[in-house]
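To start, the structure itself, in structure tokens.
The values are calculated or read from the model by the stated rules, or taken from the named source; none is laboratory data. If you're wondering where the values come from, they're calculated on a predicted model, not measured in any experiment. All Cβ positions, glycine included, derive from the backbone under ideal geometry; neighbour counts span all protein chains shown. For accessibility, only protein heavy atoms count, side chains too; no ligands or nucleic acids. Shrake-Rupley method; radii C 1.70, N 1.55, O 1.52, S 1.80 Å.
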Amino acid sequence: MRMTHILGSLVKAPKHTSYEGKDADENILYIIRRSVWVLFPPLILLGAAVLIPTIIPLFAGGDITQILHSWEVAPGFATSVVIFWYLGCFFYLLQALIIWYFNVLVITNKKIIDLDVRGILYKNTSEASLRNVEDVTSTVTGTMGTVFNIGTVSFQTAAEEREFEFEFVDDPSKVRDIISDLVMEVKGHGHNN
């Protein structure tokens, strides 16, 4: 796992990075992003969708514009349908990338911020003070999780928002250790090595 690349799943001390509500005396220590493997299913679906305008003519005999023309559809309309199909594929890919890139866990010297993006028009932000974190847990389940070391990091707090979960994290035990060490440091107990 690389810790310096801005597209990595664990970015240490990112430069030129901020978030809404950041305090003046607050420093971003880590940005944790979901594993790049979460992009694999949307990419497979996208690959199939991109091939559909090519595959349909193979079964129907001819190219897509000839088929639509035989249905007495104007040739310009047939071309427009194909263009809109590929535009839809492009926007599907764009949305998957936006969700992956902006759905992050931000760890600062004061708090943990969970930024959930579930589409282009939805964003939810939750935060917890490091002083309020009581328990940090990492879980790896299933064959894919075990093989690729991808899992969930969750932590409980003494605040109103009781539990936070961040799923599909690369090396969740490392992330758990980072959070635990920061909590111990903030609470004045030193490092938990």
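Residues in the range 15-35 that are surrounded by 13 or more Cβ atoms within 10 Å (Cβ to Cβ) and at pLDDT 90 or above: E26, I28, L29, Y30, I31, I32, R33, R34, S35.
Among the conditions (1) in contact with a strand residue (DSSP E or B) (Cβ under 9 Å, 6 or more places away or on another chain); (2) open to solvent by 30 Å² or more (accessible area, probe 1.4 Å), the only one that G76 does not satisfy is (1).
Quick grid of which residues meet (1) in contact with an Asp or Glu (Cβ under 6 Å, 6 or more places away or on another chain); (2) more than 26 Å from A24 (Cβ to Cβ); (3) in contact (Cβ under 8 Å) with a residue 60 or more places away in the chain:
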| position | (1), (2), (3) |
| --- | --- |
| I99 | no, yes, no |
| K110 | yes, no, yes |
| N124 | yes, no, no |
| R131 | no, no, no |
| V136 | no, yes, no |
| E185 | no, no, no |
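Whether any residue in the range 6-14 is loosely packed, with under 10 Cβ neighbours inside 10 Å and out of contact with any Ser or Thr (no Cβ under 8 Å at 6 or more places or on another chain) is what I want to check.
No, because not a single residue in the range 6-14 is loosely packed, with under 10 Cβ neighbours inside 10 Å and out of contact with any Ser or Thr (no Cβ under 8 Å at 6 or more places or on another chain).
Taking the range 52-90 as the range and being modelled with pLDDT of 90 or more and hydrophobic (A, V, I, L, M, F, W, C) as the test, the residues that pass are I83, F84, W85, L87, C89, F90.
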